[in-house]
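Have a look at the structure below, then the notes.
The values are calculated or read from the model by the stated rules, or taken from the named source; none is laboratory data. If you're wondering where the values come from, they're calculated on a predicted model, not measured in any experiment. Cβ: placed from backbone, ideal geometry, glycine included. Neighbour counts: every protein chain shown.
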Amino acid sequence: MSGPAPGDPVLSTSGVTMIFGGLTALSDVNFRVERGSITALIGPNGAGKTTFFNCLTGIYRPSRGIMTFSPEPGRSIQLRKLAPDRITRLGVARTFQNIRLFNNLTVLENVLVGCHSRMKAGLLGALLRDRGTRDEERAMAEFSYRLLERYGLAASANHVAKNLPYGAQRRLEIVRALATRPALLLLDEPAAGLNIAETRELDELIRFVREREGLSILLIEHDMSLVMSVSDSVYVLDYGVLIASGPPAEIRRDPKVVKAYLGED
Ligand SMILES: Nc1ncnc2c1ncn2[C@@H]1O[C@H](COP(=O)(O)OP(=O)(O)OP(=O)(O)O)[C@@H](O)[C@H]1O
Ligand SMILES: [Mg+2]
């Protein structure tokens with residue numbers, strides 16, 4: 001997994017438009033995430049970044065446009081009409097701008113919830129607790145615990161999630177997303193609220209996740225040093241319109257991008 005293979009997108013969108021009443025939150029968005037890449041989506045507050053994630057994950061259905069997800073080469077799935085849980089099972093996982101953990105569950109239980117979206121035994125199996133279901137549950141608990149070990153949270157496995165330090169809560173949210181075994185991981189402002197040391201750890205974590213899990217990452221982020229450091233390519237949204245895309249070094253000196261950000265103040 002050393003960088004993206006050219007011309008093999010894990011995600012591509014064409015003409016994605018999202019209209020809320022009189023507000024066009026996304027206008028004709030054509031977007032690509034190359035397989036194995038870390039791609040960033042940046043833009044001023046209210047630009048439409050989270051709305052784009054909500055369209056991809058089935059929370060909103062775009063007014064127009066095509067969203068094609070390719071969990072592996074040669075396989076394409078149209079996301080537009082699918083429900084959120086189906087999109088998760090197909091291999092798109094996300095975290096949220098404001099952390100959404102099950103605060104009163106333990107760290108391990110939070111990861112198990114992520115696993116559950118992939119479980120074969122349905123509700124009936126869970127109620128009957130037959131042999132197959134018990135075996136599957138044991139395998140899920142082992143898988144979850146191994147994930148916690150891999151991401152430095154095993155010592156807190158039985159702690160209640162709300163008692164974790166903030167940085168560890170952000171990390172746990174990423175681990176829970178990984179428990180769904182995604183091909184594409186969407187991170188909505190993972191550095192929000194982190195201090196400088198925690199942001200540096202996040203930088204390493206994002207690279208490690210890409211290598212270790214062999215997945216692609218789409219990152220919404222306001223922390224420009226993080227974006228410039230981890231991204232293979234960057235897209236810039238302003239008032240729902242993509243105004244630039246390219247390698248980070250080009251984006252940082254693009255006059256349109258500079259203007260969009262300076263215009264904010
Ligand atoms: N459900 C909704 N109904 C109406 N308007 C909405 C809805 N969701 C988002 N919007 C509007 O769409 C625009 C884009 O919002 P969005 O949350 O996607 O921005 P963002 O780029 O994620 O901003 P931030 O960096 O502040 O998180 C905003 O004007 C917002 O008010
Ligand atoms: Mg947002």
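Some values worked out for this structure:
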| read-out | value |
| --- | --- |
| Residue 18 being under 17 Å from the mean Cα position of the chain (by Cα), within 16 Å of ligand 1 (Cβ to nearest atom), of a type outside the set (Val, Ile, Thr) and modelled with pLDDT of 95 or more | no |
| In segment 42-55, residue nearest to residue 240 (Cα to Cα) [restricted to those that are surrounded by 24 or more Cβ atoms within 10 Å (Cβ to Cβ) and more than 10 Å from ligand 2 (Cβ to nearest atom)] | 42 |
| Selection count, segment 210-234, where residues are buried (at least 20 other Cβ atoms within 10 Å of the Cβ) and of a type in the set (S, T, N, Q) | 2 |
